[in-house]
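Some notes on the structure that comes next.
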Amino acid sequence: MATVELRFSAQPEHVRTARLVAAAVARRAGVDEAALDEVRLAVGEACSRAVGLHRSNGITAPVRVVLTEEEKTFSIEVGDEVPGPGGAAETEAGSASSRGSGSAGEPGEPESDAGEDEMGLAVISGLVDDVEVVTGKDGGVIRMSWPTPQATIVP
């Protein structure tokens with residue numbers, strides 16, 4: 001199992017780098033060429049969401065992206081450090097989307113981040129068949145995975 005871990009400060013300009021790294025690692029892992037755009041877009045949405053949550057909640061910790069190549073699966077986890085409601089782990093996208101709402105936004109930002117958050121999660125769900133959103137007291141993680149062809153051994 002090969003793993004690549006990327007950590008970056010919660011700045012929007014770093015999201016592009018995360019997308020490019022994810023696409024390169026996915027290609028190397030054997031993800032179908034047709035799915036590479038989905039990987040790039042989904043990672044971009046997940047990282048933008050994490051950056052937005054960090055910035056709106058004043059969190060200076062880096063955003064985490066873990067890319068893992070397994071035997072038949074390529075998976076990506078995008079993690080943030082924003083505590084979820086109630087402190088218990090939750091796995092519903094609706095519960096995760098409530099994080100960040102009610103925080104004081106900066107001038108020019110929408111009054112509620114919940115709508116943007118839900119839209120981002122809807123986009124990710126539309127792009128990735130296997131997606132899971134988990135929130136807890138230590139932050140949240142979006143887990144996404146794509147199938148890869150079974151490794152072939154050439155004699």
Handout entry: Ile76 vs. criteria more than 13 Å from Ala22 (Cβ to Cβ) and at pLDDT 90 or above
Key = no
Practice task
Would you please list the contacts, defined by Cβ atoms under 6 Å and residues six or more apart or on different chains, that run from a residue in segment 66-77 that is small (Gly, Ala, Ser) to a residue that is assigned to a strand (DSSP E or B) and buried (at least 17 other Cβ atoms within 10 Å of the Cβ)?
Solution key: Ser75/Thr68; Ser75/Ser145
Handout entry: Test result for Ala104, modelled with pLDDT under 75 and among the hydrophobic types (A, V, I, L, M, F, W, C)
Key = yes
Completion exercise
Checking Val43, Val25 in turn, the sole residue that is in contact with a Leu (Cβ under 7 Å, 6 or more places away or on another chain), under 22 Å from Glu132 (Cα atoms) and not charged (D, E, K, R) turns out to be Val25
Fill in the blank from the handout: Only one of Gly52, Gly44, Gly30 is free of Cβ contacts under 8 Å to residues at least 40 places away in the same chain and not aliphatic (A, V, I, L, M), namely Gly44
Exercise for the section: Please find, within segment 31-56, the residue that is nearest to Val123 (Cα to Cα) out of those that are over 17 Å from the mean Cα position of the chain (by Cα) and surrounded by fewer than 17 Cβ atoms within 10 Å (Cβ to Cβ). Expected result: Ala34
Practice task
Pull up segment 1-24, narrow it to residues that are in contact with a Ser or Thr (Cβ under 9 Å, 6 or more places away or on another chain) and surrounded by 14 or more Cβ atoms within 10 Å (Cβ to Cβ), then point me to the one that is farthest from Glu77 (Cα to Cα).
Solution key: Ala10
Problem - Where a residue in segment 1-27 is farther than 22 Å from Thr60 by Cβ and its partner, wherever it lies, is of a type in the set (Ser, Thr, Tyr), with Cβ under 7 Å and at least six apart - result: Met1/Thr68; Thr3/Thr68
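The values are calculated or read from the model by the stated rules, or taken from the named source; none is laboratory data. Predicted model, so just to flag it, every value in this text is computed and none were measured. When we count neighbours, we look across all protein chains shown, and the Cβ atoms used for this are built from the backbone with ideal geometry, even at glycine.
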